[in-house]
Amino acid sequence: MDVVTNILTLAGYEGLVFGIVAIGIHLTFRTLSFPDLSVDGTFPLGGAIAAVLISQGANPFLATFIALIGGMGAGLITGLLNTKLRISALLSGIIVMVGLYSVNLRIMGGANEPLLRDITSFDIMARIMPGASKLIVAIVLVVIVVILVIGFLSWFLRTEIGLALRATGDNEEMVRGFGVDTDKTVLIGCAISNGLVALAGALVAQNQGFSDVGMGIGMIVLGLASVIIGEALFRPRGITMVLLAAIGGAFVYRLFIAIVLRLGAAPGDLKLITAVLVIIVLTMPFIRKKLRGDWLPPAKRW
């Protein structure tokens, strides 16, 4: 029973913190129809900014907020490459992701930045909750952040700008015909998405006690897997439910990974297991339609 509780608790924390990544990826891939691969670079960017600022004595909550702003800046660069220089969305994300690797090394002055002797946001939260375990403290803090994120996005995506952003993803040419500046909506969407990913990176770095330049590898696959699983399992309707489904998908994904590790899988195989899981989830609709004999269009190639 203790093993089951530990697995569920750990999956709960990881589902929440990586659910923020999933929400960010949902904004670009699903809402905006913008295949942004720069998140593999903005995740460690958030961790690097927060870790360096905290190690220099900055308030950890302020450092986390600055990490969010840094991620938004990286997202703006991705959007500008696409909207102003007319580089394809896919290639824009790859360029920023590659460039951020060197930027993160510069920020940290090396491959990693330790936080073992520094006060983080989780340490401050632990003082407010004396007697609680480290994992419970982490869950409570991340729950607060997730509530703030979902609350903000549920409001923002219902505003005039938010509706224009959603409409841009549905039919950009039609929206442009109504006089909407679609370049602006793309920039806003990319900025918010990468800001959320950087925020998650800052939280993960503080909880694990260090930031590493390679901590973002495979983050795009993790986020997409969470989004796809959430949509497949919960079939959400409405903005708030879509955001909650991304969190739920991240929880199910991390629970699956925790169970696989408990069954004896090697940690080095997790990326391969994730890839196989994504393939299975993505091909389920194709298989169902194939069995029914429905016509299927060619796969998107962007």
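Of note:
- Some residue of the stretch 260-269 being in contact (Cβ under 8 Å) with a residue 12 or more places away in the chain, more than 22 Å from Val3 (Cα to Cα) and part of a helix (DSSP H, G or I): no
- Residue in the stretch 42-54 that is surrounded by fewer than 24 Cβ atoms within 10 Å (Cβ to Cβ) and of a type outside the set (D, E, K, R) present: yes
- Meets criteria (at pLDDT below 95 and either under 22 Å from the mean Cα position of the chain (by Cα) or buried (at least 21 other Cβ atoms within 10 Å of the Cβ) (or both)) for Ile144: no
- Criterion (free of Cβ contacts under 8 Å to residues at least 40 places away in the same chain, surrounded by fewer than 22 Cβ atoms within 10 Å (Cβ to Cβ) and among the aromatic types (Phe, Trp, Tyr)) met by exactly one of Phe61, Phe65: Phe65
- Residues in the stretch 147-202 that are outside any helix (DSSP H, G or I) and in contact (Cβ under 8 Å) with a residue 12 or more places away in the chain: Leu157, Arg158, Val180.
- Qualifying residue in the stretch 265-286 (condition: hydroxyl-bearing (Ser, Thr, Tyr) and more than 27 Å from Ala74 (Cα to Cα)): yes
- Residues in the stretch 84-139 that are of a type in the set (Gly, Ala, Ser) and surrounded by 14 or more Cβ atoms within 10 Å (Cβ to Cβ): Ala89, Ser92, Gly93, Gly99, Ser121, Ala126, Ala132, Ala138.
The rows are residues; the columns are (1) over 25 Å from Val146 (Cβ atoms); (2) in contact with a helix residue (DSSP H, G or I) (Cβ under 8 Å, 6 or more places away or on another chain); (3) among the aliphatic types (A, V, I, L, M).
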position: Asn59; (1), (2), (3): no, no, no
position: Ala63; (1), (2), (3): no, yes, yes
position: Ile66; (1), (2), (3): no, yes, yes
position: Thr78; (1), (2), (3): no, yes, no
position: Thr83; (1), (2), (3): yes, yes, no
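- Residue pairs meeting the criteria (Cβ under 6 Å; at least 6 apart or on separate chains; first within 26 Å of Thr28 (Cα to Cα), in the stretch 287-302; second assigned to a helix (DSSP H, G or I) and modelled with pLDDT of 70 or more): Leu296/Lys289; Trp302/Leu90
- The residues listed here are Arg237, Arg262; of these, the one that is among the basic types (Lys, Arg), closer than 23 Å to Leu282 by Cα and more than 13 Å from the chain's Cα centre (by Cα) is Arg237.
- Residue list for the stretch 188-223, restricted to those being surrounded by fewer than 22 Cβ atoms within 10 Å (Cβ to Cβ) and not β-branched (Val, Ile, Thr): Ala191, Asn207, Gln208, Gly209, Phe210, Asp212, Gly214, Met215, Gly218
- Of the numbered criteria (1) farther than 20 Å from Ile25 by Cβ; (2) surrounded by 14 or more Cβ atoms within 10 Å (Cβ to Cβ), the one Leu80 fails is (1).
- Residue, farthest from Ala50 (Cα to Cα), within the stretch 66-89, restricted to residues that are of a type in the set (Gly, Ala, Ser) and at pLDDT below 95: Ser88
- So Ser211, is it closer than 11 Å to Pro44 by Cα, among the hydroxyl-bearing types (Ser, Thr, Tyr) and either within 22 Å of the chain's Cα centre (by Cα) or in a helix (DSSP H, G or I) (or both): yes
The values are calculated or read from the model by the stated rules, or taken from the named source; none is laboratory data. The structure displayed is predicted, hence computed values, not measured ones. Because the Cβ atoms are built from the backbone with ideal geometry, glycine has one as well, and the counts that use them run over all protein chains shown.
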